[in-house]
Amino acid sequence: QLDPFYASIILFAGRAWDAITDPVVGFFISKTSWTRFGRLMPWIIFSTPFAVISYFLIWFVPDISRGQVMWYLIFYCIFQTLVTCFHVPYSALTMFISREQSERDSATAYRMTVEVLGTVLGTAIQGQIVGKVITPCIESPLFIGKTNSSVAMEELNMTHDTGSLTDTRNAYMIAAGVIGGLYILCAVILSVGVREKRESSELQSDEPVSFFQGLKLVMNHGAYIKLIAGFLFTSLAFMLLEGNFALFCTYTLGFRNEFQNILLAIMLSATLTIPLWQWFLTRFGKKTAVYVGISSAIPFLIMVAVLDSNLIVTYIVAVAAGISVAAAFLLPWSMLPDVIDDFKLQHPDSHGHEAIFFSFYVFFTKFTSGVSLGISTLSLDFAGYQTRGCSQPSEVNFTLKMLVSAVPVGLILLGLLLFKLYPIDEEKRRKNKKALQDLR
């Protein structure tokens, strides 16, 4: 029941806070000494219980008339920090479990498959538990004024019904508890089942350097900057699509009761096709896989905006979008270890920077989510979006078409152009592998 303005402030402040915490956590991880559990695993183990508690408190409604904004701002920032303490070392584990490029690529494929599957599971859990609480849409005041319908007025009053609000609060708390339990279960499986190999990330000539020296070296590495730039725009394209697709299905296409199934089709398609892209990149190379995989969404995104509302076409577009989402999930993460190998060859006397590479990668993932949220919120607000309205003005429908079609297509093309500048092709990758073996 917060004002949407304050909700936006909380979300934007949390993303700004991430800009600080991601590199800071990367710094502390790079300075962490090796323990019998490894260097990364203690961060994952000790952050998990506090992350679950803070996540649960995000969905808790405190019984205070004032201070709710500060409550959610504080716990949202705490949760983002603790997720960073999990996600940065978790992502960097790829570099600490094997020296072999093929094994790291395979591990990345498995990781991204299960991450997408986790997204499907989380969406299903949250959607089914919260979706059981019926929250009616609100007819516009103009419609109510014209018809003077007692039914419409009654529906409007229902939205403020205390019992309905209590049920909704309880549903969110139950969903938070279930997802928190899954978080703990997955962290236990990870900590028990994975062992870091110290020798996997180190070379014979390694000498420690300061964090800020390392940060300067990392951010001056051309291959890393070009990869991040391409990753930034393609991620933003797919986050805009995912973030607005439910509204697009509900209002523009008129499939109010189908959007959860359509979203599920996207995510299941992504889950099932990640192994396909893993095979494709080993067969034809990663740069080729990027061009083919991510660009394959373009004709379908244009189709859904141009053609009339059709449920079958929408499902076809959803499956096609999922195939491209799989490529967008997998390929940039699969290319990052190659960049780190290239960095090690250019700076053989510098080590321990894996966490810095991954922390900025994690940050840009969150950053694109924040930018996507900002673009969507401001565009829809400017177009006159009615919160929980039964229908929307024509300007909103046009804006939604732009947000799921024209804008993502433009961002994908820009991202692919930047990927063209990425210097590590398959020949370069093989040369780097041989040079690293010689150096070790």
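The figures follow:
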{"item": "Alpha-carbon Debye profile of region 210-439, log10 I(q)/I(0) at 0.12 Å⁻¹", "result": "-0.70"}
{"item": "Square roots of five times the Cα gyration tensor eigenvalues for the chain, Å", "result": "41, 26, 18"}
{"item": "Phi to ³J(HN,Hα) by Karplus 6.51 cos²θ - 1.76 cosθ + 1.60 over region 11-16, Hz, x for Gly, Pro", "result": "5, 5, 4, x, 5, 5"}
{"item": "In Å², nearest 10: area of TYR385 left accessible to a 1.4 Å probe", "result": "60"}
{"item": "About the Cα centre, charge dipole magnitude for the chain (Lys/Arg +1, Asp/Glu -1 at Cβ), debye", "result": "940"}
{"item": "Accessible-area value, ASP338, 1.4 Å probe, nucleic acids and ligands omitted, Å²", "result": "10"}
{"item": "Local electrostatic count at PHE233 - Lys and Arg +1, Asp and Glu -1, tallied over other residues with Cβ under 13 Å", "result": "+2"}
{"item": "Ellipticity estimate at 222 nm from DSSP helix runs (n ≥ 4, -39,500 (n - 2.57)) divided over the chain, nearest 500", "result": "-26000 deg cm²/dmol"}
{"item": "Other-chain or far-sequence residues with amide H under 5 Å of GLY38's (modelled H)", "result": "none"}
{"item": "Proximal lysine pairs, region 210-439, alpha carbons under 15 Å, eight or more residues apart or interchain", "result": "13"}
{"item": "With every protein chain in place, the chain: carbon and sulfur % of accessible area (1.4 Å)", "result": "67"}
{"item": "Under-5 Å amide H pairs with ILE138, H placed in peptide plane, nonlocal only", "result": "GLY389, CYS390"}
{"item": "Accessible surface ranking that places the most exposed of GLU354, GLU242 first, with a 1.4 angstrom probe", "result": "GLU242, GLU354"}
{"item": "Selection of trypsin sites (Lys or Arg not before Pro), region 331-391, meeting DSSP coil and at most 12 other Cβ within 10 Å", "result": "ARG388"}
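The values are calculated or read from the model by the stated rules, or taken from the named source; none is laboratory data. From a predicted model like this one, the values you see are computed outputs, not experimental measurements. Virtual Cβ from ideal backbone geometry, glycine too; neighbours counted across all protein chains shown. All accessible areas refer to the heavy atoms of the entire protein, side chains included, with ligands and DNA or RNA removed. Shrake-Rupley method; radii C 1.70, N 1.55, O 1.52, S 1.80 Å.
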